[in-house]
1. Which members of region 43-57 meet the condition of being closer than 19 Å to residue 18 by Cα and surrounded by 14 or more Cβ atoms within 10 Å (Cβ to Cβ)?
2. How many residues are within 16 Å of the chain's Cα centre (by Cα), farther than 29 Å from residue 151 by Cβ and either assigned to a loop (DSSP other than H, G, I, E, B) or modelled with pLDDT under 95 (or both) if we restrict to region 6-54?
3. Where residues in region 132-156 are touching a strand residue (DSSP E or B) at 6+ places or on another chain (Cβ under 8 Å) and under 12 Å from residue 103 (Cα atoms), which of them is surrounded by the fewest Cβ atoms within 10 Å (Cβ to Cβ)?
4. Looking at residue 67, is it in a loop (DSSP other than H, G, I, E, B) and touching a residue at least 24 places away in the same chain (Cβ under 8 Å)?
5. Would you point out which residue out of 162, 110, 166 is surrounded by 13 or more Cβ atoms within 10 Å (Cβ to Cβ) and modelled with pLDDT of 95 or more?
6. Out of everything in region 91-103 that is touching a helix residue (DSSP H, G or I) at 6+ places or on another chain (Cβ under 7 Å) and surrounded by fewer than 21 Cβ atoms within 10 Å (Cβ to Cβ), what residue ends up being farthest from residue 57 (Cα to Cα)?
7. Of the conditions (1) in contact with a helix residue (DSSP H, G or I) (Cβ under 9 Å, 6 or more places away or on another chain); (2) free of Cβ contacts under 8 Å to residues at least 24 places away in the same chain; (3) farther than 27 Å from residue 125 by Cβ, residue 49 clears all except one; give me its number.
8. Among all residue pairs at least 6 apart or on different chains, which show Cβ distances below 9 Å where the first residue, located in region 92-114, is on the phi > 0 side of the Ramachandran plot and without any contact (Cβ under 8 Å) to a residue 24 or more places away in the chain and the second is surrounded by fewer than 22 Cβ atoms within 10 Å (Cβ to Cβ) and assigned to a loop (DSSP other than H, G, I, E, B)?
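The values are calculated or read from the model by the stated rules, or taken from the named source; none is laboratory data. Quantities reported herein were computed from a predicted structural model and do not represent experimental measurements. In this analysis, Cβ positions are derived from the backbone assuming ideal geometry, glycine residues included, and neighbour counts consider all displayed protein chains.
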């Protein structure tokens, strides 16, 4: 069963492998991270973890039973009860509903664990799969923009008020980094 986990230093090797193995696949629908991302990966990971520790961002990895990263679902620039959602799933793991389930799970966490009230996202017009995930998870189109020279749609979702417990999702989960 896939596991949704808060990003942790122990994910470094698997996360880097995930990004390298899927670089061309991701670049077909989202801007490429560039060579510097890979060359400076360790420093970038430390910076992400510092942002997470500060409560500015909430980074998650979706792992398989061996600990290999299958995807990422991130909430960035959390402020004023809102954050931006971003996600990517490994090419070999697509078509199984993992992106939809992981986004639903992170939306639930956003409300219950992180105290957020709304999320924003964007997808290019030619990224039908990402737009479908957003639609299935309750996001609605709220405008248009250009992402790296490509026409895109802005999306938003209002989150339900946090209840006493987080809803159970399809993944086992560990959302708080150990330590």
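1. First, the residues of region 43-57 that are closer than 19 Å to residue 18 by Cα: 43-49.
Correct list: 44, 45, 48, 49.
2. 2
3. By that ranking, first place goes to 138.
4. On the way: in a loop (DSSP other than H, G, I, E, B): yes; touching a residue at least 24 places away in the same chain (Cβ under 8 Å): yes.
Spelling it out, residue 67 is indeed in a loop (DSSP other than H, G, I, E, B) and touching a residue at least 24 places away in the same chain (Cβ under 8 Å).
5. 110
6. 91
7. Here residue 49 meets the rest and fails (2).
8. Listed by first residue and then by second, the contacts come to 97/170.
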